[in-house]
Every structure is written in C-alpha cells, then in structure tokens.
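FYI, it's all coordinate maths here, none of it is from the lab. Quick caveat: nothing in here was measured; it's all calculated off a predicted structure. FYI the Cβ positions are ideal-geometry reconstructions off the backbone, even for glycines, and counts take in every protein chain you see.
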Amino acid sequence: MYQSFLQFYMNFAIMTLEGVAMKKTNELAIEVSHVYKTFKQYYDKANTLKEKLLFFKKRSGNDCLKILNDINITISKGESVALIGTNGSGKSTLLKLMTKIIYPNSGKIIVNGKVASLLELGAGFHPDFSGRENIYFNASIFGMTKQQIDNRIDDIIAFSELEDFIDNPVRTYSSGMYMRLAFAVAINVSADILLIDEILAVGDQHFQEKCFAKIKQLKKEGKTIVFVSHSMEQVNEFCDRAVWLYKGSVKKIGATKEVCDEYLKVCG
Amino acid sequence: MKLIKDLYQYRELLKTNIKKEIRGKYKGAWLGVLWSFLNPLLMLAVYAIIFPLILKNDIPHYTMFLFTAMMPWNFFTSTVNGCSYSIIASGNIIKKVYFPREILPISIVLSNTVNFLITCIIMVVFLLLSGVGITPYILLFPVILIIQEVLLFGISFILSAVTVYARDVEHIVNVGLMALFYGTPIVYSLSMIPIEFRKFIFLNPMTSIIEGYRSILFYHTWPNFMHLGIVFIVSILIFIVGLFIFRKLEKGFAEEL
C-alpha cells in the first residue's frame, strides 16, 4: 500500500520533471548544419607499412568519396521527416551521422534527446543467449537501466509475439522471429527520437501493420521521427515533411506531398 | 565529467559487459568460473614445487615472495592484453549502435579487477598458511589498487583506441610486456639490482606498484609513499591523455573497423 503510494508520487514527480524538461527544449530535436562527409575509398586496403610505402604514389589524390555536401536540416520536436532519394544519395549516411555512429568531417550535428535507431536491428544479439537475455542486453545498449527494462519486458515480449519462444536461444529463431524481437526492443526503449531506415519489411502483413500502428502512436505521443524509405506511400502516410537528397546534397525540402510528387516526376 | 554521466546512464550495459567478460572467459570449460580460483592456486603450486626444490635461492619464503608480486603483475598483463583487442572484438556492435565506446576498455579493466580480487583471497589464505602472516599494513591494499586501476584505465584507453588504426600495436604490446616483466622486480628483489641501475627501474611505474604490494603483504612495512605518489600523478596524467586520445580516435572507429 505504502509502496504503491510512493510509486505513484515518484511517477508523478518524474512526469512533472519531464514536462519541464520538454518545455525547456521545445525547439529543435535535430539540427544539422553545414555537414560534409567523405569516405576514404579502399581499393585494396593497404594495411601494412610495406604496402603503404609501395603504393604511396598511387594512393594520392582522389581516393575520397564525397557522400554528403553541405547538408542543412532542422527538425523540430514532434515532427516526422522523411529522407528520400535514389540509392547512394547519402540517406543512410545521414542517419548514421545522427546516431553518432560516425562523425562528420566538418559541420555540426546537434541532437536533443535520446535516440533509438532502427537502422540495424538486432545489433549485438548474442545467438547463444535466450530471447529474454538478449532483450536485456540489447536494451542496455540503448542506455536503459535494469529497472526500466524490467518495467517494459512484458510489453516487449507481447509486441514481438514470441511468448512461447522467449526463453529459447536466439540462434534457434527464424529470421522473421529475430527481426520481430529486435524491432520490439528498439521501439520500446522510450526514446525521444526514432531513426528508421527501411526496416518496415519486417515480418508478415499482420506484423507490419502492427509496426505502422505503433509508429503512428509514437508519433501522436510527440516523438520525433526520421524516416528513410523508397515507398512514397509510406512516406506520404507518415511524414509531415520530406527531404530529397540527391548525390549528397539537399535538392528539395518541403511538405511531403510536394516533394514526393516532384521526386516521382524526376525519378519515377 | 561526461564520462561519469555516460557511465551512470549506461551502467546496465557496463554490468552486463563485465559479466559477459568474466563468464565468457571460461565458456565451455567444465569448471566454469571456478577457474578464477583454480588458476592462481595451480600457479602457486607450480612455484611451490619449482623454487624451493630446483631453483634454490636465499630469499626466505620465496614462493610467497614471488606470489605477492606475480599476481598483481598478471592482473596488469591480462588487462593490457585484453583491452588492446577490446574495440576490435566488438566491431560488429560499434558499426551499428551508438553507446559510449569507453565502456569497452573499462569493462575489461573491471572484469580483470574482479578476477584479481578473487586471486587476492587465495593470496591472503596462503600468506597465513605459509607463516608469512598478515599485518594491519594490508589495509593499504585498496590505496595501491586504486593507483594501479587509474594507470590501467589510462593505458587501456590509449591501447584500445590505437590498436583499431594500427593492429601492430597488439604485437608490440606482447613483446613490451615481456620485456617489462624482467624490468620489474618480480622474480628478483629490488636489492639485487646494482645501485647504478636502480633509478632506471623506477622509470617503470609498475615497479613502485609491485614494490608497494610486496611491502604491505610480504615485508610488512610501509610502502614508499613518495614513489607511489609519483606513480599516482603519472597515472592520472596517463589517464587524462588516454581519455583525450580515445575521444579523438573514437570518431573514426565505425569507419576503420
């Protein structure tokens, strides 16, 4: 009795605190300013000193691949933005930059809030551990504490629909089950910003719809969403704005419909 | 400061990582984590057989003399060896998810610390059994341990980050550690070194640390606080420089791996 009261007050306090925090940083979720990114191109990676000396002359000059050129994007809290463009236009690189997996050569990326990336699902799953253990491990990579995971574990398992297999080692899972578990973890880590890279090819029709519904719900809750997709239908359905990347530069930013229509006209 | 905040937020990851490190070491072994106990015990048995019987020398209680220095040294080498590969070993996750990369070398240091503490239990038991005994000086143990930890954190930051860019470091480290083993008074005592070389041996920070352990555990005297103080300051410097290097280099980890 006493404990539940305490819990209630704690929750209340946390909620108020969060409210204050939200108000304070109500402006921008992601700010990308003047970002340049080049990748070194490794033709045949010269790893040893001998090779480096021998190929010194050959490797001079243009072995850098420019991926992103002077990107400027601002995304406010609660907005959902789509990144569209042909293959190799730098969409995924931009997402990776936002997660801080890689860093820009110059320019600045400011991210306010906790990020959950649905880029590479199931990263760090250990095949020999059970599904349940992997949930703990995977969620802890996202920066959750044990207690937070304890609170969520039932949601996660329910969402993945893997109740019967959750204590089996992950290596026995089918690829669909694997993805479902990974998606369930990533979407339940209570992040402020979700980065989604074409992962909605997860599972069957039923599960996909469930994912869409969940993302919509998160959007309603005021989460910021950055969404990479080639499917204009999905983009139109989810996003307030769209950014069209072409060969590493922003070609057009604006309302989803406008940008999509023009994109389809050019690339359709 | 950012490091402490990150570590606090990702404490669960740190915890599971340490656990995985300790359990993973003995994975597939029938006796499992029990090896943490058995390993030093067997090593002690080997010393106890070889030195009094085959390689006789004048130092009384030579087995314990060796043991009190060898265990901290093993802690040092296994950590340094382990951390230089720590980032590369987790390359898969680094390329996919963001988390404070410092956690990887830190969990290596901490998991080895746990192993070392287990070893120390055995050490204390055998100090009592062998007749060397323990004295209140043992209370200084945490002080020396902390100095060693700071030094190890610094070294691990540097080595783990640099190894990503130049894998040669791993091999250099191997040879370097072997050389350092003979450059540290482990198998011999400090008094065996000719006076004119003695100042050089103190250039090796591990000398003061090992001597410190030996003073409180074996000789039952005060450790040389001046030497320990110098090593502590040097360790803090290495730590700061190491963290700085790590922060510089970590930005390229995902691309380099």
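Worth pointing out:
- The Rg/Rh ratio for region A:137-268 is 1.03, where Rg is the radius of gyration of the alpha carbons and Rh is the Kirkwood radius.
- Rounded FRET efficiency, nearest 0.05, which uses the C-beta distance separating A:N105 from B:L31 and R0 of 45 Å: 0.30
- Separation of the A:Q147 and B:S191 label points, Cα + 7 Å toward Cβ, nm: 5.6
- Each residue, A:I253 and A:L65, gets one label point 7 Å from its Cα in the Cβ direction; the gap between the two is 2.6 nm.
- Taking each residue as 0.36 nm, the span from A:N87 to A:N168 lengthens on full extension beyond its C-alpha to C-alpha distance by 25.4 nm.
- Pairwise label distance in nanometres, A:S76 with B:Y219, each label 7 Å out on the Cα-Cβ vector: 7.1
- 0 to 90° range, to nearest 10: angle between helix B:35-53 axis and chain B longest Cα axis: 30
- Here the calculated FRET efficiency for B:F141 and B:F200, from their Cβ-Cβ distance with R0 = 45 Å, stands at 0.95, rounded to the nearest 0.05.
- Region B:42-72 and region A:83-122: distance between their alpha carbon centers, rounded to Å: 57
- Percent of Cα pairs in the protein assembly as shown per distance bin of 20 Å, from zero to the largest separation: 18, 44, 29, 9, 0.
- Taken over the Cα atoms of region B:2-256, the convex hull encloses 144 Å³ per residue.
- Using R0 = 51 Å, the C-beta based FRET efficiency linking A:S130 and B:D168 works out to 0.85.
- Counts of other chain beta carbons within 10 angstrom of each beta carbon in peptide B:166-175 average 1.
- Within the shell defined by Cβ-Cβ distances under 14 Å, the residues around A:H206 carry a net charge of 0, with Lys and Arg each +1 and Asp and Glu each -1.
- Cα gyration tensor shape for region B:182-241, rounded if a/c is under 1.5, else prolate or oblate: oblate
- For region A:143-212, the Stokes-Einstein estimate of translational diffusion at 4 °C and a viscosity of 1.567 mPa s comes to 101 µm²/s, using the Kirkwood hydrodynamic radius over alpha-carbon pairs.
- Residue-span extension gain [B:M178 to B:H227] - 0.36 nm each, minus C-alpha spacing: 15.3 nm
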